1. When you check Ile24 against the structure, is it within 15 Å of the ligand (Cβ to nearest atom) and within 28 Å of Leu264 (Cα to Cα), yes or no?
2. Could you please tell me which pairs satisfy a Cβ distance under 6 Å, a separation of 6+ or placement on different chains, a first residue in the range 62-78 that is of a type in the set (Asp, Glu), and a second residue that is open to solvent by 40 Å² or more (accessible area, probe 1.4 Å) and modelled with pLDDT of 95 or more?
3. Is it the case that Ile258 is in contact (Cβ under 8 Å) with a residue 12 or more places away in the chain, away from the ligand (no atom under 16 Å from the Cβ) and open to solvent by less than 10 Å² (accessible area, probe 1.4 Å)?
4. Could you say which residue among Val478, Val406 is over 22 Å from Glu59 (Cα atoms) and among the β-branched types (Val, Ile, Thr)?
5. Does Phe179 satisfy being within 16 Å of the ligand (Cβ to nearest atom) and either out of contact with any Lys or Arg (no Cβ under 6 Å at 6 or more places or on another chain) or assigned to a helix (DSSP H, G or I) (or both)?
6. Only one of these is touching a residue at least 40 places away in the same chain (Cβ under 8 Å) and closer than 22 Å to Phe323 by Cα: Phe360, Phe416. Name it.
7. With the condition kept exactly as written, say whether any residue in the range 495-508 is farther than 29 Å from Ile10 by Cβ and away from the ligand (no atom under 16 Å from the Cβ).
8. Of the residues that make up the range 19-39, is at least one among the aromatic types (Phe, Trp, Tyr) and either in contact with a Phe, Trp or Tyr (Cβ under 7 Å, 6 or more places away or on another chain) or under 26 Å from Ser214 (Cα atoms) (or both)?
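The values are calculated or read from the model by the stated rules, or taken from the named source; none is laboratory data. All of these numbers come straight from a predicted model, not from anything done at the bench. Quick reminder, even Gly has a Cβ in these numbers, built from the backbone with ideal geometry, and neighbours come from all protein chains shown. In case anyone asks, the SASA skips ligands and DNA or RNA and just uses the protein heavy atoms, side chains included. Shrake-Rupley method; radii C 1.70, N 1.55, O 1.52, S 1.80 Å.
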Amino acid sequence: MTFMQQTSSINVSSEIGTLKRLLIHSPDGGIGKVVPGKFKEWLYDDTVHLAQMRREYNEYIKLLLYFLDPEKIPYILECEKKQVNQKQADCFKPDNPAYFNSDKVLETQFLLTQILKNEALRQRIISGVCAWEGCSFATERTLQTITDAAELAKVLITGVLHNKDKSIKEFVFAPVPNFIFTRDIGITINDHLLLSNAATAARERENLLMKFISFYYLFEGNEDKLIEISESSDFFLLDENEQKDFKTSVEGGDVMMIAPNHLLIGVSERTTPSAADEVIHKIFANNKTGIEKITVIKIPHHRAVMHIDTVFTHVRKDTWVLFGKFSERVGQERNDKQFAYYRYLLDKDYVPEHESIEIFRFYKPIAETYQPGKDYLTDISDKVKGLESLLRSISIEDFGIAESDVKIIYSGNNVFPHDEREQWTDSCNLLALKNGVVVGYDRNEETFKGFMANGFTVIKVGELLKKFENNELTPAEVKDTLIVLPSAELSRARGGAHCMSMPLLREKI
Ligand SMILES: NC(=O)NCCC[C@H](N)C(=O)O
């Protein structure tokens, strides 16, 4: 039986409907191989203490299991208790027979292992990865001698090959240290999945592995629901400069299934105009995706704001968290207080961040037949003046909230330098477990003030888990809460809970 047949498995129509199933990836050994000389190329800004990162991540896993698959909790608690002196309990290791194996909290390495148990697929995947990574025939043959699927999946992800007695290790290819950010490798659009096409070589193998996982596991038998994006066929004939303009990369952090018929796409450092163009055409050409409205948000190309989900996320129907520097309202308020004459006087062209943001809306009713040559751009300039008014308009139009009830919480409570410092450590990158219950990082304390001022409880994940364990509270009773994960190490990889999750199933809202 395929995954789809076993489960009513994949459907996401908002960012805030109760989360029922998601795909994650636990920090693997490859993260422990990141060296300073590779920071830029491998998209890291620091080295990470892997053991501590895993401890932090396991709190995240426990939280997810409490909300999504509570039946697994007694097993996890028992396993932790028995192995309290072990660096990491076996139930958290996807290559260990004791792995918790949930069909709600799915794991990439674990799924890859299941596929690799099929001999024909095993050959195909090894050849595919080896061709992609350009490894020698000798390496390919060595990989083929690994008969243990769990071991092979680990090698294909970490790039590290051990000999039989585990004494010697060899790198067969680079690690994929950003694989924990499963958000970026694909986006569930109602019951379809848009497969990403990474902007940088460092994340390409993630996309390849995700293709295998999607075609051979998650969407087996339903492959028509997978949407792939690629360069146009004449791309290869373009010269180097033209290729820069027409490169087609899209990463999941830039695509949000924000409301049942409404998709947001960020054009950013990672997602290119030509990728947005292709997504718009593919989605409008396929009525089954259920999308009528596509809003494209162009943000500055900057490491601090690599995807739109580093700038804002949806918290509750009426509430958003946003980086104030990108809000036209905040920008205007500052300018009203003291007019910025220096903007006339500076030699170089100075454009404040919020003014460099551009927003475009494309609209095609489902009932209308798609015409490739038609321009679906619609003018929304009367109501959308910038990013903040866009978010407000989504609450009002897509979620029926009264204009006066929409709340915007700002990174660092909108006080410099906390706004920038906390945005850098993902204050705006929250994962909603349900409408009004979101997960973030414990270090973004100034941002908490905005949450508390708006009636939210802020609680450390450890405290919450204790309450669950002591039966003082159940996940169903948690409301209007920001749950914060320990983040000393997790945040160094430069993604938050939103990035560390690929929702596959949410309740309709
Ligand atoms: N959606 C996200 O913002 N993902 C975070 C990705 C962080 C990773 N180090 C990267 O630069 O790609």
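1. Details: within 15 Å of the ligand (Cβ to nearest atom): yes; within 28 Å of Leu264 (Cα to Cα): yes.
When the stated conditions are applied, Ile24 passes them.
2. Asp69/Lys104
3. Numbers: in contact (Cβ under 8 Å) with a residue 12 or more places away in the chain: yes; away from the ligand (no atom under 16 Å from the Cβ): no; open to solvent by less than 10 Å² (accessible area, probe 1.4 Å): yes.
In short, no.
4. Val406
5. Details: within 16 Å of the ligand (Cβ to nearest atom): yes; either out of contact with any Lys or Arg (no Cβ under 6 Å at 6 or more places or on another chain) or assigned to a helix (DSSP H, G or I) (or both): yes.
Yes: the conditions hold for Phe179.
6. Values: Phe416 fails: touching a residue at least 40 places away in the same chain (Cβ under 8 Å).
It is Phe360.
7. So the first thing to find is which residues in the range 495-508 are farther than 29 Å from Ile10 by Cβ, and the list is none.
For the range 495-508, residues farther than 29 Å from Ile10 by Cβ and away from the ligand (no atom under 16 Å from the Cβ): absent.
8. From the range 19-39, those among the aromatic types (Phe, Trp, Tyr) are 39; that's our starting set.
Filter once more, so that each one left must be either in contact with a Phe, Trp or Tyr (Cβ under 7 Å, 6 or more places away or on another chain) or under 26 Å from Ser214 (Cα atoms) (or both): none.
Within the range 19-39, not a single residue is among the aromatic types (Phe, Trp, Tyr) and either in contact with a Phe, Trp or Tyr (Cβ under 7 Å, 6 or more places away or on another chain) or under 26 Å from Ser214 (Cα atoms) (or both).
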